[in-house]
Amino acid sequence: MSMFCFQCQEAAKGTGCTIKGVCGKSDDVANLQDLLVFVAKGVSTYAMIAGENNLSTKEADKFVMEALFTTITNANFDRDAVIAKIREGYAVRKITRNRLESNGVSIPADLHSCTTWESDSVEEMEQKAALIGILSIGNEDIRSLKELLTYGLKGMAAYGEHAMNLNYFNDSIYAFLHKGMVATTNNDITADELVGLVLECGKNGVDVMALLDKANTETYGNPEITEVNLGVRNNPAILISGHDLKDMEELLEQTDGTGVDVYTHSEMLPANYYPKFKKYEHFIGNYGNAWWKQKEEFESFNGPVLFTTNCIVPPKESYIDRIYTTGSSGFAGCTHIADRKEGGKKDFSAIIEHAKRCAPPTEIETGTLVGGFAHNQVMQLADKVVDAVKSGAIRKFFVMAGCDGRMKSRDYYTEFADNLPKDTVILTAGCAKYRYNKLPLGDIGGIPRVLDAGQCNDSYSLAVIALKLKEVFELNDINELPIAYNIAWYEQKAVIVLLALLSLGVKNIHLGPTLPAFLSPNVANVLVENFGIAGIGTVDEDMKIFLS
Ligand code: SF4
Ligand code: SF3
């Protein structure tokens, strides 16, 4: 075994990747990512003490979010970038510790070794990484709970980072981030204490998604019903992927008037729904499907592709020179666009110049796709929706949010959507939608049968809609609503979405296509017994369960 990682749905053999990631992550990058998380825990330890003493944790908040985001599945495969981030961690740790000392705060003598371990030698980093990986936690249930918490924190970090890029901050979210990280270094922590922290993580998940929702909507307007073009124009173009709307904004600004068009890819599709982006005449629409189809689609796009976050599939030689990364994403051999300096903007001139040398995209689809059903838009249709439920025109809603992935078993979701009775409506968010958003599912009295709220973080919108319906129908319990949850997961942002739904009291969520490898049998039982979490079966069986 040269590595161990089981953080995503595609973990090898359903237990964990041990030689190389199914995602393409090499063993050395996987191990260095473990070390990066270890160093980030050291930063969080000092930040937690600083927070308790009302001292600034600014550098630590930013660093820990970026470090965790870097380690999310399919975000960063670049060994040098991970090493650079580890070194940055040493520096941020020192700044935070120095702040404690210069303010006369006494620092406990028995802190975890993650607060002090440091080496500039890459060889020593690799040796250390081999000692501090996931399997160094001996007890299976404690390991499971600590990793469940860590993955929830990774999801929180991703959303917190997007909000921070738009200058939206929340100290209590950062305080929990540090507290959660520190808890995973505690050798004496009990399973009950960890379960408590996992639930607290869910509550913070709701808060961070609310913060990001506020950041996105106050900056770019409320998403509105939009017909998104799927075809192409005859201009050179840039394809932008990932989840970061600030990058989207700056790319649109800088391409304006250059003769270079912009298309969204995968999770950037919902950018088409925001009023502030619609004003750009060279913002043409969406190209392609979910992340895992990029090998074919990037080939035919012909122009450069900008990854702002996950999900990168290791690029083919034929187009690797056209791949650009920025923010927490990275891949060795691709051009990385540097972060913006405080108050400044990123410089996208290299990718724009590159686009000008490329052929226009080859058309792979035509027509349109309708989306933009985030909470504000749905609330404007509330009367119509409530009437449809009261009259029985809508029998049930199915929340089918989350992630897509390449496993064949995910065909289940296409079949499930296709087989749903015509008086049901799918509420979706995240790249899971690509399994059914192009099916001709029709509408119910003008309400489309697939309502797309946006990116995975916009699952928050689905919770807001559910809570609003609960109020309108004067129910005591969110679970009395005619809403069923059949969620697909892949990476760690789906973990925080799941924990957030649990913290809102949602029960009986079905999670697929497989349950997480990081849930030990006992921890899985806790989720089953307390929250009614279940896996998926066949479409027919599940349809009976959901409609009964
Ligand atoms: Fe394996 Fe997923 Fe980890 Fe990649 S992220 S190494 S596929 S478990
Ligand atoms: Fe998709 Fe990677 Fe999770 Fe944002 S882009 S939902 S998998």
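Tell me which trypsin sites (Lys or Arg not before Pro) from segment 268-302 have a DSSP coil assignment and no more than 11 other beta carbons within 10 Å of their own. Could the numbers behind the result be given before it?
Details: sites: Lys276, Lys278, Lys279, Lys293, Lys295; in loops: Lys279.
Of the trypsin sites (Lys or Arg not before Pro), the ones in loops of segment 268-302 whose Cβ has at most 11 other Cβ atoms within 10 Å are Lys279.
What ranking of Asp347, Asp452 emerges when the number of other C-beta atoms within 10 Å of each C-beta is taken as an exposure proxy, fewest first? All intermediate terms of the calculation are to be shown ahead of the outcome.
Working: Asp347 13, Asp452 28.
Lowest to highest Cβ neighbour count: Asp347, Asp452.
Go through segment 182-277 and name the chymotrypsin sites (Phe, Trp or Tyr not before Pro) that are in a DSSP coil and have 12 or fewer other Cβ atoms within 10 Å of their Cβ. Walk me through the intermediate numbers first.
Working: sites: Tyr220, Tyr263, Tyr273, Phe277; in loops: none.
The qualifying sites: there are none.
Roughly speaking, what is the centre-to-centre gap between segment 136-152 and segment 103-131 when only Cα atoms are used, to the nearest Å?
21 Å
If the cut-off is 17 Å between C-alpha atoms, which aspartates and glutamates fall inside it for Lys246, apart from same-chain ones fewer than 8 positions away?
Lys246 reaches Glu66, Glu161, Asp213, Glu218, Asp256, Glu267, Asp339, Glu342, Asp347, Asp458.
Per residue, what volume in Å³ does the Cα convex hull of segment 12-218 take up? Can you show the working numbers first?
On the way: hull volume 26.2 nm³, N = 207.
Here the figure is 127 Å³ per residue.
Of all DSSP beta bridges in segment 234-312, what percent run antiparallel (nearest 5)?
Details: 0 of 10 bridges.
Close to 0 percent.
Compute the convex hull volume of the Cα atoms of segment 19-140, divide it by the residue count, and report the result per residue in Å³ as a whole number.
Values: hull volume 14.1 nm³, N = 122.
Enclosed volume per residue, from the Cα hull, is 115 Å³.
For segment 520-544 and segment 401-443, compute the distance between their C-alpha centroids and round to whole Å.
20 Å
Helix-derived [θ] at 222 nm for the chain: sum -39500 (n - 2.57) over DSSP H runs of at least 4, divide by residue count, nearest 500?
On the way: 18 runs with 244 residues, N = 548.
Value at 222 nm, helices only, nearest 500: -14500 deg cm²/dmol.
Report for the chain the percent antiparallel among DSSP-assigned beta bridges with both residues inside it, nearest 5.
Numbers: 7 of 39 bridges.
Here the antiparallel bridges make up roughly 20 percent for the chain.
Stretched out fully, how many nm does the piece from Ser121 to Leu381 gain, at 0.36 nm a residue minus the Cα gap?
Working: separation 260, 0.36 × 260 = 93.60 nm, distance 5.94 nm.
Separation in residues times 0.36 nm, less the Cα-Cα distance, equals 87.7 nm.
Could you pull the Cα extents of segment 267-328 along its three principal axes, largest to smallest, in whole Å?
Computed over segment 267-328, the largest-to-smallest principal extents equal 37, 25, 19 Å.
Among Leu148, Leu519, which comes first, second and so on when ranked by fewest other beta-carbon atoms within 10 Å? All intermediate terms of the calculation are to be shown ahead of the outcome.
On the way: Leu148 24, Leu519 21.
Placing the least packed residue first, the sequence is Leu519, Leu148.
Count the lysine pairs in segment 54-176 whose Cα atoms lie under 19 Å apart, taking only pairs 8 or more positions apart in sequence or on different chains.
10
Compute the separation of the alpha-carbon centres of segment 262-298 and segment 308-369 and state it in Å as a whole number.
Their Cα centres are 13 Å away from one another.
With r as the distance between the Cβ atoms of Ser113 and Asn525 and R0 = 30 Å, compute the FRET efficiency 1/(1 + (r/R0)^6) and round to 0.05. Display every interim value, and only then the final one.
Details: r = 33 Å, r/R0 = 1.10.
E between Asn525 and Ser113, to the nearest 0.05, is 0.35.
For a bin width of 20 Å, list the pair-distance distribution of the chain built from all Cα-Cα distances, rounded to whole %.
Histogramming the chain at 20 Å steps yields 22, 57, 20, 0 percent.
Suppose we take every Cα in segment 124-275 and form the convex hull; what volume per residue is that in Å³? List each step's numbers first, then the result.
Details: hull volume 26.5 nm³, N = 152.
Hull volume normalised by residue count: 174 Å³.
Bins of 5 Å, beginning at zero and ending with the bin holding the largest distance: percent of Cα pairs per bin for segment 97-165, please.
Once binned at 5 Å, the Cα pair distances of segment 97-165 give 3, 11, 12, 14, 17, 24, 16, 3, 0.
Between Thr15 and Ala393, what length comes free when the chain is fully extended (0.36 nm per residue of separation minus the Cα-Cα distance, one decimal in nm)? Don't jump to the answer; show the numbers that get you there.
Numbers: separation 378, 0.36 × 378 = 136.08 nm, distance 4.37 nm.
So the extension gain works out to 131.7 nm.
Return the FRET efficiency for the residue pair Ser106, Asp321: r is the Cβ-Cβ distance, R0 is 35 Å, and the value is rounded to the nearest 0.05.
Working: r = 54 Å, r/R0 = 1.54.
Calculated transfer efficiency: 0.05.
Counting other Cβ atoms within 10 Å, keep those with at most 14, restrict to DSSP loop, and tell me which trypsin sites (Lys or Arg not before Pro) in segment 439-529 are left. Please report the intermediate quantities before stating the final value.
On the way: sites: Arg449, Lys468, Lys470, Lys493, Lys507; in loops: Arg449, Lys507.
Qualifying residues, ordered by number: Lys507.
How large is the Kirkwood hydrodynamic radius of segment 226-356, counting all unique pairs of alpha carbons, in Å?
Details: mean 1/r = 0.0689 Å⁻¹.
Across segment 226-356, the inverse of the average 1/r is 14.5 Å.
We did not get these values from a lab; they are worked out from the coordinates using the rules stated. Being a predicted model, the structure only gives us computed values, none of them experimental. Counting neighbours? That spans all protein chains shown, and the Cβs are built from the backbone with ideal geometry, glycine included.
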